[in-house]
Each structure stands twice: as structure tokens, then as C-alpha cells.
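The values are calculated or read from the model by the stated rules, or taken from the named source; none is laboratory data. From a predicted model like this one, the values you see are computed outputs, not experimental measurements. Note that we place each Cβ from the backbone using ideal geometry, even for glycine, and neighbour counts take in every protein chain shown. All accessible areas refer to the heavy atoms of the entire protein, side chains included, with ligands and DNA or RNA removed. Shrake-Rupley method; radii C 1.70, N 1.55, O 1.52, S 1.80 Å.
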Amino acid sequence: MKRNYTVSLKKKTKPSVEIPWKTVNKKYTYELGIGNWELGIKNIIMNIKQMNTILLTSILLITNCIKNNVIETSESRNDSFVPEGYIQVWNDEFDDDNSRLPNADAWFYETGDHGWGNNELQNYIAAVSGTDSCAIVSGGTLKIIAKKKGDQVISIRMNTKKSWKYGYFEARLKLPRGKGTWPAFWMLPQNFRSWPSDGEIDIMEEVGYRPGWVSSSVHCYAYNHAAGTGKTGEQYIETAESDFHIYAVEWTDDYIRGFVDGKMHFEFRNDRNDNKNTWPFDVPFYLKLNLAWGGNWGGYEGIDESVLPAVYEIDYVRVYQTNR
């Protein structure tokens, strides 16, 4: 910034140099003797240069701090662990706060309180029941909420309208707290008829009585938990219930692999026997999000209704496929 300086001579021998800044006018008024007039001017110029240097350095430091903070925030939200060769073919970022509900063109709901094959206790609703909402889009995330309503616990089980055969499927999630919660991010076939013969892919599951232990699984006729032959891998994520993490599955014709933040903890390989009993994973599957309450696994060590309402938060869901 360009500044104007005035030099005025008082009567007889005392010239004075003033810097006309309102905030520092008094501080930077110099009474100089004639013999030191030139030296005084040089000192003033030197002081001004030093002040400018300090000011510029401060601005650069502040700007750098702000810039770094923005970069860290952006990277923490968008860390990518997508394998090479994949391109995004579908996504929901849950950024439309105006609707307050999930995109009806992208998702549909399953409803009911019949236990869902696991003796679950919740009643799944289609987003809203009376004045109660269990699926809310706000602040750039989807909140799936399990809450008490009368003598019931209501919650959400929602499915993508699109389905895919093979790909890399990921969601950035923060899991609910409390004994009785059972959040999941998983897949079932588009033409599902019977379990476990038609297959199931669990990208992420966690139960509240084992906080932080997240798992990936597959189920088919030959391998399933009901028969005691289930195929599961897990890892411990200390901040699973306090921070967002990226949960993913890579599903190809050769294998199904499960990841958290790019770290693999599960692999199930195609045995190439051309047998649906061991590999029913060659047809399109839907993606599913739900928050169950209680049940055979979620309620294995009991439930604690004092933790309700429980919130399962989803930042985004993304699907990638290769050109192969």
C-alpha cells in the first residue's frame, strides 16, 4: 500500500517529520535537529520497512495456517482408496439440505417389524412416521436415526434403486453408540428370492456391545453364519463411533475384498467351480443401509434403551466400476 509522508519545518531550527496515520500519529512524530534531519528521515524509512516486513510476514503466516486447515479438512473428507482403473459411475453425497429427506429417485425403503430373519426389534419405516423422521439429510450428511416411539423403536432400512455387477463400493460412515445398535452397509441381489442361496455381501457391520470392531462378510448356501460356516473378516477401529471412516468392498469375478480406510481385512475368492452354492456373486446387487435394534447379534448381550435416539451418519455412498 502506498503511503504519503509530509515533511514540515517549524520556525527556525527545528524541522519535524510526521507520519499522518491516525492510530500511530503521536507515536511516530519526530522532533529532529537540523544536523540530524537526513539521519532522522533514514531512520523513519527503516522503521517503516521493518513494520511492513513484520506485517507481510504475519499475513503470510495467517494465510498459510488457514490454507493448511482447509486442505486438511478437504483431504479428511475426500481421502481416496479407490483401486487403479476404476471410475465413478454412481454416487449420493447427501448435500441437498433443501429436501431434508434422501433422494427418492435414488433410494427406496423396506418397512415392517417382523424381525427380518434375525429377531430384530425395530419397526422399519419409510423415512417419516407421523411427526417422527428417521432419515434426515442435513449439513451434508444423511442421519439414520433409531428412536423410541410409544412402545416401539422405529428406524430405517433403505436400498439403492440401481444395482451393479462387480465394482468398488464405498461409504464414509460414523457409527452409532450403545448396546443394542446394529448398523450395516451391505448388498443383496436385485432378483433376491431366498437367503442364503442367492448370496449376501456385507461391506460393514458393527454391534454396539463390541464398539469399534467392524466386519465384512459374505453369505451363500455353502458359507453362512446360520450353518456355522460363515466367511468373515474384521478389524478394530478405535474411533469408529466418534469419527468418519471409509468402508469399502472390491467385488470382481475373482474375489470379494473388504477394507476400512484402505486397509484390507477380508478376502473371499471365487473357487471357479461354476457352482451357485459357493459363488452366487455373478449377478447385479443393490446397496443397502440400515440401523437395526437388538436381534440375534445386535442384542446378543442385551439392549440399552437409554442410548436412544441412536444416530448412524453417512457422509456419502459411491460406486466405481472398470471398463473391463
**Asked** Does segment 234-318 classify as rounded, prolate or oblate by the C-alpha gyration tensor (a ≥ b ≥ c root eigenvalues; a/c under 1.5 gives rounded; else a/b over b/c gives prolate, otherwise oblate)?
**Response** prolate
**Asked** Expressed in nm to one decimal, what extension gain is obtained for the pair residue 93 and residue 177 from 0.36 nm per residue of sequence separation less their Cα-Cα distance?
**Response** 27.9 nm
**Computed accessible area, residue 283, all protein chains, 1.4 angstrom probe, square angstrom** = 60 Å²
**Item:** Loop-resident sites, segment 164-256, for chymotrypsin sites (Phe, Trp or Tyr not before Pro), counting at most 16 other Cβ within 10 Å (DSSP)
**Value:** 192
**Asked** Pairs of lysine in segment 83-213 with Cα under 28 Å and at least 8 positions apart or on different chains: total?
**Response** 15
**Request:** Amide H neighbours of residue 107 under 5 Å, at least 5 residues apart or on other chains, H built in the peptide plane: list them.
**Result:** 161
**Prompt:** Heavy-atom accessible area of residue 163 with all protein chains present, probe 1.4 Å, nearest 10 Å²?
**Reply:** 30 Å²
**Request:** Calculate one ³J(HN,Hα) per residue across segment 191-199 by plugging θ = phi - 60° into the Karplus curve 6.51 cos²θ - 1.76 cosθ + 1.60, and present them in order as whole Hz with x for glycine and proline.
**Result:** 9, 5, 10, 8, 10, x, 4, 7, x
**Complete:** Scalar couplings 3J(HN,Hα) for segment 260-265 by Karplus 6.51 cos²θ - 1.76 cosθ + 1.60 (θ = phi - 60°), nearest whole Hz, x for Gly and Pro, are 10, 6, x, 9, 7, 10
**Prompt:** Taking θ as phi - 60°, what are the ³J(HN,Hα) couplings along segment 283-290 by the Karplus curve (6.51, -1.76, 1.60), each to the nearest whole Hz, with x for Gly and Pro?
**Reply:** 9, x, 10, 7, 9, 9, 10, 7
**Prompt:** Taking residue 231 as the anchor, which aspartates and glutamates have their alpha carbon closer than 12 Å to its alpha carbon, excluding any fewer than eight residues away along the same chain?
**Reply:** 200, 202, 267
**Asked** When all protein chains stay in place, what accessible area (Å², nearest 10, 1.4 Å probe) is found for residue 165?
**Response** 90 Å²
